[in-house]
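A short write-up of the structure that comes next.
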Ligand code: UDX
Ligand code: UDX
């Protein structure tokens, strides 16, 4: 099938590439000419495991093309996906101006029946607005269908999540696009849930908010563990073996971040408010998340007493492992808080150092260290802020010897408290 994807970011590029991988012909459109040029010449603007190889393979096979021209994408495809950003306004509501502009651009270029699929995360009822907009701006009055097809990709595992999805949600206003949407996703062999458009849009906000709620729940439990001497990992294990609960997304942490959970929670609270429902439960999820960060920073302050002129090593800058994405990263927030208290930082991330430099500029107080094992050199304490697997292989002997005091604050529970004590570390983690 012939597709185009407007918006070639974390979501659009992975989606387009995986569709090409299963044999569809895909045109990725982006209004960032430099990004398009980079992709056309074999470069890749983001880090996502397994993606680069797939982009190169499918570009070479002629199934994956890149352009900055929306009309070119529309003219040469039957199905057009919208995957542009839907950032938050200061009040938490969603800025839909990119979606609206893309809908107009698609409308202006349509000369035959098209299926326009919204993949961006949008408030319920956006599909109706997109359909209205296309109808208004389509010069030749051709037929079209609007479909809602939310993404459920975890950054760092996006290729895997797309190739082996738990489910595919397709919201439609008529039966006409259903067969095409099913055919499009057939190679992924996942259950396809057909709903109305409003329900599909709600499924996305309801799912992400629920996952965020699950994390805040275990984070609240971690606070109680700290007050009672229980161990949150054992609690999560015991809870998670109940199939009705499940172990995933019960990892206590210094808080969740990223470009989705914080924004989707705010949006869902706002959407509920606009339709007359007070979603206090989700406000509490947000409050617990903020509190978790405060408690972590307080732990550092309480232990080190004064941070001014102390040097702290920070492992992790990305908002989670396996990505170079630092949008709404709790790791970056920890760094900013420590800097505000007058600390000097030595920071490292396996993939996110380049992107982090935009929000945490290198200076006398922020030194970027290429080798994770060299971070602890001359530090008063170490902080683990991102759950990268490779941090578990940190040379702890070397770290201890290089530090003025062997103190480690672990915001991701990567190490075993007993082993850390044996190695001579003062070790403070989450909920243990
Ligand atoms: C975005 C949305 O933020 C999210 O709500 C949605 O679920 C999927 O799309 P993401 O892919 O992470 O998520 O965003 P980003 O990496 O910023 O990529 C968006 C791309 O769209 C960028 O490459 C940007 O240049 C491009 N873009 C933006 C357009 O092509 N046209 C526009 O009008 C605006
Ligand atoms: C999320 C959803 O998982 C995905 O389905 C959706 O479409 C996009 O938003 P993403 O933001 O890429 O994906 O990452 P995710 O793996 O959900 O992690 C989000 C944040 O929660 C990270 O900061 C992560 O470190 C944190 N987290 C996750 C925890 O603190 N504990 C957990 O148990 C799981």
* Asked: Given the chain, what percent of its DSSP beta bridges are antiparallel, to the nearest 5?
  -> 5
* Grab the DSSP H runs of the chain that are 4 residues or longer, score each as -39,500 (n - 2.57), total them, divide by all residues and round the 222 nm result to the nearest 500 deg cm²/dmol. => -13000 deg cm²/dmol
* To do: Output the relative contact order of the chain, whole-number percent, from Cα pairs under 8 angstrom with separation of 6+ residues.
  => 12
* Given Cα pairs under 8 Å that are at least 6 residues apart, what percent is the relative contact order of the range 323-367? -> 49
* **Chain lengthening between residue 111 and residue 336 when straightened (0.36 nm per residue, less Cα-Cα)** => 75.9 nm
* Quick one: among 403, 239, 293, which has the greatest mean-square fluctuation in a GNM of the chain with alpha-carbon springs under 10 angstrom? => 239
* Difference of contour (0.36 nm per residue) and Cα-Cα distance, residue 175 to residue 196 -> 6.5 nm
* Based on the alpha-carbon gyration tensor of the range 287-428 and its eigenvalue square roots a ≥ b ≥ c, which shape applies: rounded if a/c is under 1.5, prolate if not and a/b is larger than b/c, or oblate? -> rounded
* Asked: What is the Cα centroid distance between the range 296-368 and the range 44-100, reported in whole angstrom?
  -> 31
* Asked: In which sequence would 261, 152, 188 go, from the one with the fewest C-beta neighbours within 10 Å to the one with the most?
  -> 188, 152, 261
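Among 161, 324, rank each residue by its count of other Cβ atoms within 10 Å, from fewest to most, as a rough exposure measure.
Lowest count first: 161, 324.
Taking neighbour Cβ counts within 10 Å as the exposure measure, how do 311, 228 sort from fewest upward?
Numbers: 311 19, 228 7.
If I rank by nearby Cβ atoms, fewest first, I get 228, 311.
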* **Rounded, prolate or oblate (a/c below 1.5 giving rounded, otherwise prolate when a/b exceeds b/c) for the range 2-190 by Cα gyration tensor** => rounded
* To do: With everything on Cα atoms, drop me the angle between helix 261-274 and the longest principal axis of the chain, reported from 0 to 90° to the nearest 10.
  => 60
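Quick note: the coordinates plus some simple rules give every number you see, no bench work behind them. Just so it is clear, the model here is predicted, and its values are computed rather than measured. Cβ: placed from backbone, ideal geometry, glycine included. Neighbour counts: every protein chain shown.
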